[in-house]
Amino acid sequence: MKAFFARLGAFLTKLRVWTLNLVTLLLLLSFISFVVTLLRQMPKAVDPQGKVLIIAPRAEILDQKVYPAEFSFPFALPKSRQYQTRDMLRMIRAAAADERLAGVVIDFSKVGFSGPTTALNIARELRTLRESGKPVIAFSEVMGTSAFMMASQADEVFVHPSGAVAITGIGGYRDYTRELTEKLKITIHNYSQGDFKSAVEGLTRNDMSDADGLQRRELYAPIWAAMKAEMAAGRGIDARIFQTLADEHSLPLIREGAYSNLAFAENQGVIDGLKTFPEFRDYMIERFGEAEDQDRVTYPHIGFEAYLAQLPPEAQEVEDKVAVVFAEGGIQTGKLGPGVAGSDDIANLLRRAHEDESTRAVVLRVNSPGGSIIASDVIASELVAAKRKGLPVVVSMGDVAASGGVWISTPADAIWSEPTTITGSIGVAVAFPTLENAFEYVGVNFDGVTTSRHAGWGPNLAVDEQLDAMFARWASGAYDRFVDTVASSRQREPEYIRSIAGGRVWIGSKALELGLVDALGSMEDAIADAAERAGIEAYGVNYVVKPPSPSMLLLQQFSAAVGIELPALDGGVLQRVRGLLMEFESLSRPRASVLCTDCVVELL
């Protein structure tokens, strides 16, 4: 019997080894086959001569790509790719000057923009592309608000006969849960500073406050007006038509079979006509001829990624540099990541920038609704360190630079804003629930021994009068510090800053009138201003960004080798502040936040 089990054990051991080896071999062969297949599909260099450039991104367009801090396996690929605004603008400008291109087709229906300012900037660049004299044609199954704003810059706009021109405007609704929390016997304590600081209104009210309604109307109206004006100028029609289209002919959530919507759009000159895919293909072949280098019947074309890849790199031979650092997403302590402007990493990048001997000026590009107070102060202090070395520091505000985004901008010698930048929101949001009434209702009591009055206190206990006063002083002190910091930066009296603060959000053009920013212009304008302040005429731009981790770098290099863009951002602009909102809503402990939840405008 002993010998039998010994032989059985030896057999099972050999079987396990052989099985493991077989599985390993099969996995290895599968991987090799996968790599070989991808390499065979590797795109070849395409000559743009006589071809139509197709600009059809399927991605999120934002100031700076941000990858996860670390790579983990197994992994799930996030939903969307990322393209940097500066790369998109560079490609469009190159196309405008490229006499080899026969024309351009645009389709932005699968694009998520980081905000309205980014979308407006790209639309304006597309207009210069059309003005270069090349035929620019827009075609898509469905065009939402932002997609049509791009399409409106084309010479001709076509939509699929069973699609829609789903222009719905901007804005939306939020939930208000005061009635719910009262029914659940949850007590909400609100110490927010500023009548317009509405981040916690959803917890403390059953409807929108008059103050919040006022600031949202004054924020959305100029942005929507700018978008309508851009579409109207592109199509050569009255901007009021787009209001009528949004109010009376665009059904929410309906993105197909909107036949009456399409009829109105065509009748009013919003679009030039309807075409199926075969009809559009035939139309393009008739205009530009048939491709000779394709294995299917189509018109000669080149994709925008292939075109961008073959553009020569921007010259950077000059020694003097303007260093550009990006604060992209909600401001938190820790590392950078999708939707998170990690203060540890941003401070290190700023330090790298001002310690580089070639740096003559520093530009901080801010695209953030704010977040943590201490994280904001950590970033701001590194800008102060750059100024102490005599380096000019300029801030460029993007789609949104509000609350904590304003805090980190305060040390700058000059602040540039775009006309539709969302800024301001100088206030402090503090609110948290306590559950003493809920626990009492279900029969749970708490008792213990402490060495001080509030040791061991938590949200399961009530807030007594003394603790209430202490929380109020804490929030008020944070607000006073915020106001004083901005007043010192803007060289204004604290009373004046307090009069325009209160958590109120402002549009960039109004912020200029109020003295919260110094000039209106793009990031390129801010870079030029920084160079002028540094007294340099010839300069290069050094984008100081966090390199990917070795594992992420390997994935990037592999994807580049086979011509596949590595996705890295869970799509949608709300992802940019999701981590921040989760931190703010945590029930573990009360937190003071310089966060603007009103500042995220999502384009559909």
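Quick notes on this one:
- Taking the numbered list (1) of a type outside the set (F, W, Y); (2) surrounded by fewer than 19 Cβ atoms within 10 Å (Cβ to Cβ); (3) touching a helix residue (DSSP H, G or I) at 6+ places or on another chain (Cβ under 7 Å) in turn, N348 passes all entries but (3).
- Restricting the stretch 316-333 to residues that are over 15 Å from V544 (Cβ atoms) and either without any contact (Cβ under 8 Å) to a residue 24 or more places away in the chain or buried (at least 22 other Cβ atoms within 10 Å of the Cβ) (or both) leaves a set whose member that is nearest to the chain's Cα centre (by Cα) is G329.
- Residue pairs whose Cβ atoms lie under 6 Å apart, sitting 6 or more positions apart in sequence or on different chains, and linking a residue in the stretch 123-136 that is within 9 Å of V104 (Cα to Cα) and modelled with pLDDT of 95 or more to a partner that is part of a helix (DSSP H, G or I) and not hydrophobic (A, V, I, L, M, F, W, C), are V136/R130.
- Among the residues of the stretch 502-538, those that are surrounded by fewer than 21 Cβ atoms within 10 Å (Cβ to Cβ) and either in a loop (DSSP other than H, G, I, E, B) or of a type in the set (S, T, N, Q) (or both) comprise G502, S509, G515, D518, G521, S522, G535, I536, E537, A538.
- Of the residues making up the stretch 540-564, those that are assigned to a loop (DSSP other than H, G, I, E, B) and either in contact with a Pro (Cβ under 8 Å, 6 or more places away or on another chain) or at pLDDT 95 or above (or both) number 2.
Residues are listed down the side, and each one gets a yes or a no for (1) more than 30 Å from R124 (Cβ to Cβ); (2) in contact with a Leu (Cβ under 6 Å, 6 or more places away or on another chain); (3) among the charged types (D, E, K, R):
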| site | (1), (2), (3) |
| --- | --- |
| A166 | no, no, no |
| E182 | yes, no, yes |
| V200 | yes, no, no |
| P222 | no, no, no |
| M227 | no, no, no |
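Residue-wise test of (1) over 17 Å from R504 (Cα atoms); (2) polar (S, T, N, Q); (3) at pLDDT 95 or above.
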| position | (1), (2), (3) |
| --- | --- |
| R178 | yes, no, no |
| V200 | no, no, no |
| Q215 | no, yes, no |
| G236 | yes, no, yes |
| A239 | yes, no, yes |
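- Within the stretch 494-515, tally of residues that are of a type in the set (S, T, N, Q) and in contact (Cβ under 8 Å) with a residue 40 or more places away in the chain: 1
- The residues of the stretch 256-272 that are surrounded by 18 or more Cβ atoms within 10 Å (Cβ to Cβ) and not in a helix (DSSP H, G or I), listed by number, are A258, V270, I271.
- Close contacts from the stretch 183-198, counting a first residue that is on the phi > 0 side of the Ramachandran plot and a second that is part of a loop (DSSP other than H, G, I, E, B) and buried (at least 16 other Cβ atoms within 10 Å of the Cβ), with Cβ to Cβ under 6 Å and a gap of 6+ residues or different chains, come to G194/G427; G194/G502; G194/G503.
- Tally, over the stretch 90-123, of residues that are open to solvent by less than 20 Å² (accessible area, probe 1.4 Å), in a helix (DSSP H, G or I) and closer than 17 Å to V52 by Cα: 3
- Test: residue in the stretch 281-300 that is in a helix (DSSP H, G or I), within 21 Å of V136 (Cα to Cα) and either of a type in the set (F, W, Y) or touching a Leu at 6+ places or on another chain (Cβ under 6 Å) (or both): yes
- Complete set of residues in the stretch 297-315 that are touching a Pro at 6+ places or on another chain (Cβ under 9 Å) and in contact (Cβ under 8 Å) with a residue 24 or more places away in the chain: I302, G303, F304, E305, A306, Y307, Q310
- Some residue of the stretch 273-287 being polar (S, T, N, Q), open to solvent by 30 Å² or more (accessible area, probe 1.4 Å), under 28 Å from L126 (Cβ atoms) and modelled with pLDDT of 95 or more: yes
The values are calculated or read from the model by the stated rules, or taken from the named source; none is laboratory data. Since we're looking at a predicted model, the values are computed, not measured. Because the Cβ atoms are built from the backbone with ideal geometry, glycine has one as well, and the counts that use them run over all protein chains shown. To get the accessible areas, we keep the full protein, side chains included, count just its heavy atoms, and leave off ligands, DNA and RNA. Shrake-Rupley method; radii C 1.70, N 1.55, O 1.52, S 1.80 Å.
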